[in-house]
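Sharing a structure below in structure tokens format, with a few things to ask.
The values are calculated or read from the model by the stated rules, or taken from the named source; none is laboratory data. Quick caveat: nothing in here was measured; it's all calculated off a predicted structure. Note that each Cβ is placed from the backbone with ideal geometry, even for glycine, and that neighbours are counted across all protein chains shown. For the accessible areas, the whole protein counts, side chains as well, though only heavy atoms, and no ligand, DNA or RNA atoms are used. Shrake-Rupley method; radii C 1.70, N 1.55, O 1.52, S 1.80 Å.
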Amino acid sequence: MALDQAGQYPIPEHVYIHVPFCSRRCSYCDFSIAVRRVVPVARYIDAIQAELVTRGLAAARGPIRSLYLGGGTPSKVGLGIGDITKLISTTSGIEVDALGEVTVEANPEDISEDVVRAWRTAGVNRVSLGVQSFDGEVLEWMHRTHSAEQASTAVEILVGEGIGRISVDLIFALPESIKRDWSRDLEMAAELGVGHVSLYGLTVESHTPLGRWTARGSVLSTPEERYETEFLEADRRLREAGFVHYEVSNYARPGEEAVHNSAYWRGVPYLGLGPSAHGFDGSRRRWNARDYARWLALVEGGVDPLEGGELIGPAEQSAERIYLGLRTTEGLEATDAEFDRAGRWLEAGWAERKGSRLVLTATGWMRLDALAADLLNLS
Ligand code: SF4
């Protein structure tokens, strides 16, 4: 990243801040989190400021198009209006109303009129709710800390307080023994009237509670076919309800697409702050120390919390062009050789040709990695 005229590094237009605190670990969760009953809010915000200093990042001198407070559970940490405003201005250096999309990830049980009012005043205009399911027993199995009713109530409160841009997360392909009614969950999500839905297929990581249950045989892994059948059902139902599938995991009503996430898929620079946060400056990716205590010790000691990085050279750029292109409904601007190579996918109905673009179909999304690898073998 080049220095600007003032001799400082500008902050990219898209900023992610990882807020790692949760009250307990969900059974499937592999994220970088710190379980805390009482969250050290002031220390954490000071540490974010310290990271900006250690990395030589000055306040931005242009508008920030998106700011995303992800986690962890940002809504859990008792971030009030002052805290959020401080976080935002720390990072952007500009007035909050000059920001574009400002998203907070939230768990339904943290939503109240007072909290939402405070967020709005601080500049938050989008909330991503970790709903996952509307079935109380399923939520309990997941170790989620909200009830089925709290999801609907949270949406009512958000809309009532003027936050119209709401996304809900749902997990699919749960083990058979859980007896989750996926159709009912999809119906309820569609009925909420929200503009955005993100779908995540369950993955089993060995060091999570679910990984341990699976290893000792008390939970059987989900068969591969269930991923496809449940995803295709979701695709059908969400389209019928007026959603557009605009990226592998994401559905939006027209105009409700996430500005922040779209930046990742377009391959534009973004800044990541906080433990485990990733960033990209246009030529190099970097990621921070994953462990909260380690990240904290580094930034408080005046050290860049960098854990790793990679230069995006010609080989990586060509892989990203294919992979990122195929992720979205805009598709990949493909060469003749790539269209030839994709002949088998087109015949199988996994992809379509739209002018000069190769676009995956719903069944193709499930095979994204294999299809991208197939095209990469050309280069
Ligand atoms: S709330 Fe989210 S980040 Fe926290 S433990 Fe559960 S899945 Fe992980």
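Taking 0.36 nm per residue of sequence separation and subtracting the Cα-Cα distance, how much length would be gained by fully extending the chain between Thr335 and Glu191, in nm to one decimal?
Gain on extension, Thr335 to Glu191, equals 47.7 nm.
Sorting check: for 113-126, 352-365, which peptide has the highest mean count of neighbouring beta carbons within 10 Å, and how do the rest follow? Spell out each step's value before the answer.
Values: 113-126: 19.1, 352-365: 16.9.
Order by mean packing, descending: 113-126, 352-365.
Something else about it: With unit charges on the beta carbon (Lys/Arg positive, Asp/Glu negative), name the residue among Pro175, Trp295, Leu376 whose Cα is farthest towards the positive pole of the charge dipole of the chain.
Farthest towards the positive pole: Trp295.
Taking the dipole about the Cα centre of the chain, with the C-beta of Lys and Arg at +1 and of Asp and Glu at -1, give me whichever of Val39, Thr85, Gly56 is farthest to the positive side.
Gly56
Please compute the per residue accessible area over segment 313-379 with all protein chains in place, 1.4 Å probe, rounded to a whole number of Å².
52
Can you pull the accessible area of Asp340 for me, 1.4 Å probe, Å² to the nearest 10?
120
Relative to the Cα centre, what is the charge dipole magnitude of the chain, using +1 at the beta carbon of each Lys and Arg, -1 at the beta carbon of each Asp and Glu, and rounding to the nearest 20 debye?
660
Okay, next question. Quantify, in whole percent, the carbon and sulfur part of the accessible surface of the chain (1.4 Å probe; protein heavy atoms only).
The value for the chain is 51 percent carbon and sulfur by accessible area.
Let me ask another. Quote the relative contact order of the chain in percent (integer), defining contacts as alpha-carbon pairs under 8 Å separated by 6+ residues.
Worked out over the chain, it gives 16 percent.
If you place +1 on the Cβ of every Lys and Arg, -1 on the Cβ of every Asp and Glu, and leave all else neutral, what size is the dipole of segment 313-379 about its Cα centre, to the nearest 20 Debye?
Dipole size: approximately 160 debye.
Further, regarding this structure: What's the long-distance tail for the chain, i.e. % of Cα pairs beyond 39 Å?
17
May I pose another question? How much accessible area per residue does segment 14-265 have, counting only protein heavy atoms and a probe of 1.4 Å, in square angstrom?
Roughly 40 Å² per residue, with all protein chains present.
A follow-up question, please. What does the accessible area of Asp181 come to, in Å² to the nearest 10, when a probe of 1.4 Å is used?
Result for Asp181: roughly 80 Å² accessible.
For the full complex of protein chains and a 1.4 angstrom probe, list Glu300, Glu320 by accessible area with the highest value first.
The residues order as Glu300, Glu320, largest area first.
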